[in-house]
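These notes concern the structure reproduced below.
The values are calculated or read from the model by the stated rules, or taken from the named source; none is laboratory data. None of the values given here were measured: they were computed from a predicted structure. Here the Cβ is made from the backbone with ideal geometry for all residues, glycine too, and neighbour counts use every protein chain on show. Only protein heavy atoms, including side chains, enter the accessible area calculation; ligands, DNA and RNA are left aside. Shrake-Rupley method; radii C 1.70, N 1.55, O 1.52, S 1.80 Å.
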Amino acid sequence: MKVKAALATAREQPLVIENAEIDEPRPDEVQVRLVATGVCHTDAIVRDQWYPTPLPAVLGHEGAGIVEQVGSAVTGITPGDRAVLGFASCGACAGCNSGHPAYCTDFAMRYFGGARPDGSTAFRAGDGSAVSSHFFGQSSFAGVANVAERSVA
């Protein structure tokens, strides 16, 4: 599906609004049409490459919107639900299992790695090249985001 996205394309340069392609949600993902997102200092320092998220990237990690689709393994969330997007976590480490997903041992890759845990990206540029996604598990600087079910409230 084609979506508008604000892409960080180069260090210390303004975001560029472009058309991108987003894939279908994976079995454990929820696809959310964004209606609001915050802008955080972290977005700026990642754009400026203080943290080396691969560019180009769709940043944004304070999104809210309406659920459009759910993956085949998603339970408890249905299309039409209102959603607030949270940060990513693995759900299996000691931090996650003790009720403290903010202390997930895999946080660095899930926040800044530019891809899903399997290495795939949700977004593609107009020329078909990969665009880093799943920033903090969401990449909410786009019209639509694919987010792991555990990151949706």
Counting only protein heavy atoms and leaving out ligands, DNA and RNA, the solvent-accessible surface of PHE87 at a 1.4 Å probe, in Å² to the nearest 10, equals 80 Å²
Computed ³J(HN,Hα) along the range 14-24: with the Karplus parameters 6.51/-1.76/1.60, θ = phi - 60°, integer Hz and x for glycine or proline, the list is x, 5, 10, 7, 9, 7, 9, 10, 10, 7, 6
At R0 = 30 Å the Cβ-Cβ FRET efficiency linking HIS41 and ALA153, nearest 0.05, sits at 0.85
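Could you grab the relative contact order for the range 80-130? Cα pairs under 8 Å, six or more apart, rounded to a whole percent.
Averaging sequence separation for qualifying contacts and normalising by length gives 22 percent for the range 80-130.
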Using the Kirkwood radius over Cα pairs of the range 15-153, the Stokes-Einstein translational diffusion coefficient at 25 °C and 0.890 mPa s, in µm²/s and rounded to a whole number, is 165 µm²/s
Note, ALA57: beta-carbon cut-off 13 Å, +1 each Lys/Arg, -1 each Asp/Glu, net 0
A correct Karplus calculation of ³J(HN,Hα) over the range 145-153, with 6.51 cos²θ - 1.76 cosθ + 1.60, θ = phi - 60°, whole Hz and x for Gly and Pro, returns 9, 9, 10, 4, 3, 5, 9, 10, 10
When the charge dipole of the chain is computed with +1 at the Cβ of Lys and Arg and -1 at the Cβ of Asp and Glu, the Cα pointing farthest to the positive end, of SER89, PRO27, GLY38, is that of GLY38
With +1 on the Cβ of every Lys and Arg and -1 on the Cβ of every Asp and Glu, the dipole magnitude of the range 38-121 about its Cα centre, in debye rounded to the nearest 20, is 60 debye
Karplus-derived 3J(HN,Hα) from phi for the range 120-136 (6.51 cos²θ - 1.76 cosθ + 1.60, θ = phi - 60°), whole Hz, x at Gly and Pro, runs 7, 10, 7, 10, 10, 6, x, 8, x, 6, 5, 10, 4, 9, 6, 4, 6
